[in-house]
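What follows is a short report on a single structure.
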Amino acid sequence: MTDVKHKGLYAALAAAQGEMGRALKDATNPHFKMKYADLASVCDACMPSLSKHGIAVLQPAFDDDTGRYVKTIFVHGDSGESAECRVPLIVAKNDMQGYGSAVTYARRYGLMGMAGIAPDDDDGNAAIKSPPVVDQRKQEPQPQRKPQVSGDAIAQAVEYLAGAEDIAHLQRLWGNIPADIKAVPDVIAAKDKRKAELTQPKPADLGGDNIPY
């Protein structure tokens with residue numbers, strides 16, 4: 001039993017995290033040719049501090065109705081409190097070597113997650129691989145689908161434009177109409193019609209009925 005006493009698990013874990021070192025990237029991923037922190041390095045980084053503050057670590061493997069997984073459990077000796085997480089086992093090869101690799105992977109990520117250690121993600125390099133090259137010549141062109149505009153929207157736009165009081169007002173109204181509605185021929189025709197109406201010269205004022213003879 002450690003001499004460092006804490007009332008509960010989370011107080012002990014907070015104290016332990018303040019003393020944890022970095023997990024050294026001393027193993028090599030042969031596929032990506034990059035260094036990463038293996039399970040031994042993760043244990044070296046966090047286990048001494050966890051033990052010092054009375055936190056035991058358990059990482060059993062299970063196989064039940066939910067599938068196969070490794071459960072990482074932190075148990076605080078003084079209070080009896082515990083916390084846990086699960087990492088599923090995804091076995092690439094159906095043999096003991098494949099199973100062992102999956103368990104090691106799950107233990108490493110479960111321990112890093114529970115302890116709060118965050119080295120560079122070696123397996124995340126798979127996410128940045130270039131997408132497969134596709135021969136565009138073998139792909140058939142996909143038809144472009146035109147956006148559907150409802151009849152109500154078209155009617156409202158036509159009525160909206162008909163209310164323009166002058167050319168400047170018409171320009172403002174036109175700018176407020178969504179692009180897909182602007183592309184409708186009936187709406188374009190309504191805009192052009194109102195523009196023609198507003199640009200026609202007004203008839204001369206002949207003074208009403210007071211026409212001199």
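Taken together, the values in this text are just the output of simple stated rules run on the coordinates, not laboratory data. All values derive from a computational prediction rather than experimental measurement. Cβ: placed from backbone, ideal geometry, glycine included. Neighbour counts: every protein chain shown.
Observations on the model:
- Over all Cα atoms in region 151-199, the spread is summed up by Rg and Dmax: 9.6, 28 Å.
- MET20-ALA92 FRET efficiency (beta carbon distance; Förster radius 41 Å; 0.05 resolution): 0.85
- Residue separation of ASP44 and GLU165 scaled by 0.36 nm, minus their Cα-Cα distance, works out to 35.7 nm of gained length.
- Mean Cβ count within 10 Å, highest first, over the residues of peptides 39-50, 182-193: 39-50, 182-193
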